[in-house]
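Okay, so here's the structure we're looking at.
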Amino acid sequence: MHILVINPNSTAAMTRSIGKAAQDAARGETRITAINPADTPPAIQGAEDGAAALPGLFRLFDAEVIEKGGYDACVIACFDDTGLMALKRRSPIPVIGIGEAAFHAAMLVGESFSVVTTLGVSVPVLEANLEAYGFASRCRKVRASEVPVLELETAKDDSRDIIAAEIARAVADDNPDAIVLGCAGMADLAKTLSDRFRLPVIDGVAAAVAFAEALRAANADRWAGPDRGDRVA
């Protein structure tokens with residue numbers, strides 16, 4: 001299986017980290033290709049950055065998936081699920097957002113979850129996604145750690161400590177069954193934090209890769225795409 005992972009921001013170092021996390025989560029026979037546009041914001045922090053990223057994201061998706069092809073699934077590696085529904089509608093292969101994947105995984109392992117994301121400006125976007133997906137009643141709270149996205153790459157130790165402190169507050173105040181890490185740049189923290197807090201700490205990159213593989217195993221990837229209107233009733 002060949003999975004394309006698109007980081008919608010233009011920071012190549014983050015794309016490399018995301019690609020490694022995706023490959024580490026994949027089965028042995030699954031190949032990961034991780035790419036990013038060159039003409040989008042360096043970080044997607046809130047609705048304005050998400051909107052600014054769409055033209056470049058759509059151009060890259062069309063070039064790689066629609067024109068070039070050769071992939072079995074695509075993962076959109078921004079926790080805001082930037083452009084996700086529009087891409088699902090135009091894609092011949094399954095397209096999975098790391099936000100939606102992480103939410104699904106959290107609901108499979110428990111009754112409730114809390115989200116720990118980066119900046120407060122992202123909270124309304126994530127709350128709107130939870131409402132649109134029908135998941136809002138299962139989420140205890142969306143919490144901002146106030147760690148800027150790029151500091152997840154440039155100040156790893158400090159970022160980890162701040163995120164861990166916010167998870168501790170979530171555990172104490174929200175009493176969730178799981179924690180969802182609300183940024184692709186947090187992917188390498190999931191195992192350590194899960195062991196530390198003794199509850200599932202879910203990374204959306206790993207969850208999206210697992211769901212892409214599961215869709216193929218369940219034969220649920222064959223009829224994705226814009227031609228669905230031509231199917232036999």
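Dividing the helix sum by the residues of the chain, where each DSSP H run of 4 or more adds -39500 (n - 2.57), gives a mean residue ellipticity at 222 nm of -13500 deg cm²/dmol. A simple rule links phi to the HN-Hα coupling: the Karplus curve 6.51 cos²θ - 1.76 cosθ + 1.60 with θ = phi - 60°, which for the stretch 186-191 gives 8, 4, 7, 9, 4, 5 Hz, with x for Gly and Pro.
Computed over protein heavy atoms with a 1.4 Å probe, the carbon and sulfur contribution to the accessible area of the stretch 43-94 reaches 54%. The fraction of all Cα pairs in the chain landing in successive 5 Å bins from 0 to the largest distance is 1, 7, 15, 20, 21, 17, 11, 5, 2, 1, 0, 0, given as whole percents. Only Cα sites of the stretch 28-80 enter the Debye sum here, all with the same form factor; the resulting log10 I(q)/I(0) across q = 0.20 1/Å is -0.77, listed in q order. Taking amide H positions as modeled 1.01 Å from N, with prolines and chain starts lacking one, the residues under 5 Å from VAL180 and 5 or more places away or on another chain are SER114, VAL115, VAL116, ILE202. In plain terms, the C-alpha convex hull of the stretch 59-176 casts an average shadow of 8.5 nm² when viewed from every direction. Below 8 Å, C-alpha to C-alpha, sequence gap of six or more: please give me the relative contact order for the chain in percent. It comes to 23 percent, rounded to a whole number. Taking every alpha-carbon pair under 8 Å whose residues sit at least 6 apart, the stretch 167-206 reaches a relative contact order of 45 percent. Note on VAL171 and ALA13: with the Förster distance fixed at 25 Å, the Cβ-Cβ geometry gives a FRET efficiency of about 0.25. Highest average first, the peptides 34-44, 205-215, 126-136 ordered by how many other beta carbon atoms sit within 10 Å of their residues are 205-215, 34-44, 126-136. Distances between placed amide hydrogens fall under 5 Å for ALA34 paired with VAL5, all partners being 5 or more residues away or on another chain. Per-residue 3J(HN,Hα) values for the stretch 194-200, derived from phi via the Karplus relation 6.51 cos²θ - 1.76 cosθ + 1.60 with θ = phi - 60°, read 4, 5, 5, 9, 6, 8, x Hz in sequence order (x marks Gly and Pro).
Residue by residue, the stretch 86-99 carries 3J(HN,Hα) couplings of 5, 6, 4, 5, 9, 9, x, 10, x, 10, 10, x, 6, x Hz when phi is fed to the Karplus relation 6.51 cos²θ - 1.76 cosθ + 1.60 (θ = phi - 60°); x denotes Gly or Pro. Amide H contacts for ILE96 (H built 1.01 Å from N in the peptide plane; partners 5 or more residues away or on another chain; cut-off under 5 Å): CYS74, VAL75, ILE76. About its Cα centre, the dipole of the chain is roughly 560 debye, where the only charges are +1 on Lys and Arg Cβ and -1 on Asp and Glu Cβ.
The values are calculated or read from the model by the stated rules, or taken from the named source; none is laboratory data. Owing to the predicted nature of the structure, the values given are computational and were not obtained by experimental measurement. Don't worry about glycine lacking a Cβ; one is built from the backbone with ideal geometry, like all the others, and counts go over all protein chains shown. To get the accessible areas, we keep the full protein, side chains included, count just its heavy atoms, and leave off ligands, DNA and RNA. Shrake-Rupley method; radii C 1.70, N 1.55, O 1.52, S 1.80 Å.
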